[in-house]
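Undergrad: If you scroll down you'll find the structure; I have some questions about it.
Readers should treat all values here as calculations from the given coordinates under stated rules, not as data from a laboratory. If you're wondering where the values come from, they're calculated on a predicted model, not measured in any experiment. Every residue, glycine among them, receives a Cβ derived from its backbone with ideal geometry; neighbour counts consider all protein chains shown.
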Amino acid sequence: MKVAILVGLGALLLALPFLPGLRELRQPKDAEPIRIDESFTRDPRFFGNSLREKLAPFLEGLPELPARLAIELRRPETLAVYADLRVPEGAHEDALVVALGVAVLERGARLDETWIRGDADVGPGAHVRALACDGQATLREGARILRWIDVEGHLLAEAGSDLGLSASAAGAVRLSPGCAFRRIWGRPVFVRGEAVRPAPDERLTIEDEVVWGRTRLSLPPGFHLEKDVVALTEVRIGRGAVLSGTIKAHGPIVLGEGVRVRGHLISRKRIEIGSGARIFGNVFAEGDVDIGSGAHVGRKGGTKTVYSGGRVRIGPGAAVLGWLIAERGGHVE
Amino acid sequence: MAVALTVWMIAIVVVMIIYAGRHWVLTLNRLLGHQRPYMQDIIDEDLPGVTVLVPMHNEEQVADGVLTALLAQDYPADRLEIIPIDDHSTDRTQKILESYAVRNPRIRPIYRRGEGARGKPAGLNEALGIAGNEVILVFDADYQPPPDIVRELALAFLDPEVGAVMGRVVPSNTASGFLARLLDLERSGGYQVDQQARYSMNLVPQYGGTVGGFRRSVVLSWGGFDPYVLAEDTDLTFRLLVRGWRVAYANKVECYEEAPQTWDARFRQLRRWARGHTQTMFRHWRRVLTSPNMTPAQRVDGMLLLGIYMIPPLILTGLGLSLALFITGTIPLAATLLLSFFAVGYNAFGNFAPFYQVGTAGVLDGMRERLFLLPYLFFMFLFNSWAVTLGAFDAVVDVLGGRVPTWEKTARFRQ
C-alpha cells in the first residue's frame, strides 16, 4: 500500500508541470504567431500625419466658430475648433484643439493634442502635449513639447526649449543653445549661431602626423584614404584629413577640426566630430555623439541619420541634413 | 578500463556544465545587460543595390507568396533585383516563375536542369554569377518577407566590418498543432535571447541561410559556397569570422516562416542540420582556435557554437556507458545516479533550447498562456537528442569515409 501511494505521489509530481499546459493544448488561447507589424513604415512624421488624418473628417461642415464638438475616437473626446487661437497667459484648454488659422500660446499656457492649420507660436514656458502645425512653428524660450511636434514648414526652437520625444518638420529645424530633444527630423536640422573657431593646437604629436594604431588598427591591402577603416580600438583622425570611405571602430571615433568623411562613422562607443567637419554619410554610435561647432552631417538632396544610443551634444552652427536620434536625450550647446 | 570510462563520464559532465554556464550568461545578458542596437532606425536615401536570391525546389505551394511579398518591398525599384533559383523542380514552379518574369523585369529566374551539383549552395553559386549587386539577401521560398525587410537588412552593410546579416525568424503556423507550438518556443529562445545576446556581447551571432544576407564579393573571393556542404550558412559564418568579418543580428527585423508540421519532417530537418553543422565543425575548429582576427571570447563562443550538435551524442554515450558500468558492477549505483542527475540537469539548464532561455524570450515577446507549454520541451529534448545524434554520426561517417552528402528539402505544408 505504502509503495502504491509513493508511486502515485511520484507520478503526480512528475505530471504536475504538464497540467497547466494541457489546458492550453486542449483550448488554445495563445496560439497565434508572434505579431509582426507588416504595415509599419519608418516615417519620422507619423504622429503628425496620423493626428491630421483622424481629425480632418470632423472639420467638414462646421457650425459657426469657435465650436465645441463631442467626437468619438478611441474614446469619447471633445474637439474645440477655432478660427485663430490665442491662449492667454497661464490658461489651459483640455480638449483636442484645431485652429484653422494661426495660434499663439502666451507665457505658461497649456494645450493637449493640437492641430494648427496656420503658424504656431508657443510662448515662453508654455506646454503642448502634441502639436501638428501646417505652417511654421516657433517654440519660445523654455517652451515645452511633452510628446511630439510635427511641422509642415520650418520649426524654430529658441533657447532652452524642449522638443519632446519626437520633433519633425518638412522644412528646416533650427535649434538654439539649451534645447533638449530625443528624435528630430528636418532638412536640415541645424543650430543657430556662428561657428566657433578653435584656437590653433600647437601640441602636435606623432598622432597628428601619421596614421597611428596603438593596437590593432587593421588596414586592408593597398590602403589609401579611399578605403574603409575598421579598428578594434579607438580611431583618431587629425585635423583636415579627407577620407572617402567609412570608419568603423569598436572604440571611440574622434575626428579633428575640418575632417571630411565621404562614408559613414560607426562606433561601438562614442563619436566626437570636430568643429567644421563634414560627414557625408550616416553617423551611428552606441554611445554619445558630440557634433562640434559648425560641423555638418549629410548632404543636400540626400537624407542621412545621426543615431546615438546615448546622448547627443550639438554645437553652434552645426547641422544635420535628415534625422537626429538621441536615445538618452540631446542637448544644444 | 573503469578509470578511463569514469574520466570520460566526468569530461561529459564538465562539457554539460560549460554549456549550461553559457546559456546562463546569454540569458542574463539579455535580461540585464546592454543591448546592442541594430541600424534599423537609420533613414538613408542612398540605399545600395540589392539582389534577393530565393532558392526553390518544387515550391508551387509557396512560390507565389514569396514573390508577391518581394515585389511589394518598400525599396527603390531600380535598386532591387530578384533571382528565384529553380533547382530541378518537377512541379509547376517553373511556370509560376515564368509568369512573374514576363510581368516584372526585376525578376530574373534561373532554371537549373541537367547535370551538375544540386542543392542550395550550388544554386546560390550560380545565382551569384549573374547577380548585379554587392549586397545579397536570401529568403527561403516558404518565407513571407514584410515590406520593409529588404531595406532594414541592407542597412547592415553600411558597416564595412559586417560580412553577413541575420534577421529574426518567426513561425507563422503556430496554430497548426503541438509540434509547431513547441518549435515556436524554441525559435523564440534561439533568436530573442541567444542570437541577440551573442550580438550584444560581440560574440558569434550566426547567419542562418535565410532572412539574411552577405557581401557577394567576399563570398566570391573564396570561390563561392562549397556545393557539398549541407550547412552553407554555418560554413559562411565561420569563414567570415576567421577572416575578420562579423555577422550582424537584427532582432527587430522579423519574418514569418512555415515551421514543420509533422514529426517526420522535423526529424529529417534537424538531422540534416546536425549533419551539416558537425561537418562544418570538422572544417573550421582549428582555424577558430588560431585565427588572429577573433577575440578570445569569440574563439570560445565559436568553439561552443561549432560543438553544439555534438552534445546530445555525448550525453547519450555517457548514459549508455554508465548503465553498462553499473550492470557489469564496475561502478556503484551512486555514480550512475550522479550522471543521470547531470543529464537531467543539463536538459533543464544546458541544452540549446533550455527552459529558462525560452521562458525569458517568451516574457520579452509578450507571450502568455503558451508559456505553460514550457515543460513539454522535455519531450522535444528527447526527440531532438535522437535526431541530432544520428545527424552527428552521419557527419562523422562523411568525414571518415569520404561520403558526399546530398541535399534534402524540408517538406512544405501550406495549402
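Undergrad: Please compute the net charge surrounding B:Arg272, taking Lys and Arg as +1 and Asp and Glu as -1 over other residues with Cβ under 15 Å from its Cβ.
TA: Taking every Cβ under 15 Å from that of B:Arg272, the sum is 0.
Undergrad: For labels at B:Val404 and B:Asn133 in the simple 7 Å Cα→Cβ model, what's the distance in nm?
TA: Going by the 7 Å Cα→Cβ label model, 3.4 nm.
Undergrad: Kindly flag which residue pairs out of A:Lys269/B:Lys120; A:Lys227/A:Lys304; A:Lys269/A:Lys300; A:Lys29/B:Lys95 have an alpha-carbon separation exceeding 31 Å in this structure.
TA: Pairs exceeding the cut-off: A:Lys269/B:Lys120; A:Lys29/B:Lys95.
Undergrad: Of all DSSP beta bridges in chain A, what percent run antiparallel (nearest 5)?
TA: 15
Undergrad: Going 7 Å from the Cα of B:Asp46 toward and past its Cβ, which residues in the range A:244-263 have a backbone nitrogen under 16 Å from where you end up?
TA: Within reach of a label on B:Asp46, which here means backbone N under 16 Å from a point 7 Å along Cα→Cβ, the range A:244-263 contributes A:244-248, A:260-263.
Undergrad: Ok, one more. Compute, for chain B, the length of the dipole vector about the Cα centre, with Cβ point charges of +1 (Lys, Arg) and -1 (Asp, Glu) only. Units Debye, rounded to 20.
TA: With Lys and Arg at +1 and Asp and Glu at -1, about 960 debye.
Undergrad: Need the C-alpha centroid separation for the range A:259-319 versus the range B:108-179, integer Å.
TA: Using only Cα atoms to place each centre, the spacing works out to 33 Å.
Undergrad: Around A:Arg278, which amide H atoms from residues at least 5 apart in sequence, or from another chain, sit under 5 Å from its own amide H, with H modelled in the peptide plane?
TA: A:Val259, A:Arg260, A:Val261, A:His296
Undergrad: Label A:Ala170 and A:Asn49 with points 7 Å out from Cα along Cα→Cβ: what is the distance between them in nm?
TA: 1.1
Undergrad: For chain A, what does the relative contact order come out to in percent, with C-alpha contacts under 8 Å and a separation of six or more?
TA: 9
Undergrad: Which one of B:Leu203, B:Gly129, B:Pro109 is farthest out on the positive end of the charge dipole of chain B, using unit charges on Cβ (Lys, Arg +1; Asp, Glu -1) and the Cα centre as origin?
TA: Farthest towards the positive end: B:Leu203.
Undergrad: Once the dipole of chain B is set up with Lys and Arg at +1 and Asp and Glu at -1 on Cβ about the Cα centre, which of B:Gln357, B:Leu321, B:Ser172 lies farthest towards its positive end?
TA: Final value for the positive-end residue is B:Leu321.
Undergrad: Residues in the range B:167-209 near a label at A:Gln27, defined as backbone nitrogen under 16 Å from the 7 Å Cα→Cβ point?
TA: Hits in the range B:167-209 for A:Gln27 at 16 Å: none.
Undergrad: Collect residues whose amide H, placed 1.01 Å from N in the peptide plane, falls under 5 Å from the amide H of B:Glu257; neighbours closer than 5 in sequence don't count.
TA: B:Val170, B:Ser172
Undergrad: Taking neighbour counts of Cβ atoms within 10 Å as a proxy for exposure, in what order, fewest first, do B:Glu45, A:Glu272 appear?
TA: Ordered from fewest to most neighbouring Cβ atoms within 10 Å, B:Glu45, A:Glu272 come out as B:Glu45, A:Glu272.
Undergrad: Where Lys and Arg each count +1 and Asp and Glu each count -1, what net charge lies around B:Ile136 among other residues with Cβ under 12 Å from its Cβ?
TA: Surrounding charge for B:Ile136 is 0.
Undergrad: Using the Karplus curve 6.51 cos²θ - 1.76 cosθ + 1.60 with θ = phi - 60°, work out ³J(HN,Hα) for each residue of the range B:186-199 in order, rounded to whole Hz, and write x for Gly and Pro.
TA: Listing the rounded values in order: 4, 4, 4, x, x, 9, 4, 9, 5, 5, 5, 5, 5, 5 Hz.
Undergrad: Within the set of other residues whose C-beta is less than 11 Å from the C-beta of B:Val218, count the net charge using Lys and Arg as +1 and Asp and Glu as -1.
TA: +3
Undergrad: Moving to a separate point now. Can you give the convex hull volume of the alpha carbon atoms of chain A per residue, in Å³?
TA: Cα convex hull per residue, to the nearest whole number: 255 Å³.
Undergrad: Using Cα pairs closer than 8 Å and at least 6 residues apart in sequence, work out the relative contact order for chain B, in percent.
TA: RCO, chain B: 22 percent.
Undergrad: For B:Thr328 and B:Phe379, what does the FRET efficiency come to when R0 = 35 Å and r is the distance between their Cβ atoms, rounded to the nearest 0.05?
TA: About 0.65, to the nearest 0.05.
Undergrad: Something else now. Take the Cβ-Cβ distance between B:Val363 and B:Trp386 as r, set R0 to 30 Å, and report the resulting FRET efficiency rounded to the nearest 0.05.
TA: 0.50
Undergrad: Points 7 angstrom from Cα along the Cβ direction at B:Leu71 and B:Ile18: gap in nanometres?
TA: In this crude label model, B:Leu71 to B:Ile18 measures out at 5.2 nm.
Undergrad: How would A:Phe58, A:Phe181 line up from fewest to most surrounding beta-carbon atoms within 10 angstrom?
TA: Neighbour counts put them in this order, fewest first: A:Phe58, A:Phe181.
Undergrad: What list do you get for A:Arg26, B:Arg239, A:Arg268 if you sort them by fewest beta carbons within 10 Å?
TA: A:Arg26, A:Arg268, B:Arg239
Undergrad: Would you kindly calculate the translational diffusion coefficient of the protein assembly as shown, applying Stokes-Einstein with the Kirkwood radius from alpha carbon pairs, for 4 °C and a viscosity of 1.567 mPa s, and quote it in µm² s⁻¹ without decimals?
TA: 45
Undergrad: Between A:Glu38 and B:Leu31, what FRET efficiency comes out of the Förster formula 1/(1 + (r/R0)^6) with R0 = 30 Å and r the beta carbon distance, rounded to 0.05?
TA: 0.60
Undergrad: Moving on to the next point. For chain B, max minus min Cα coordinate along each principal axis, in Å, sorted largest first?
TA: So the three principal-axis extents are 74, 48, 47 Å.
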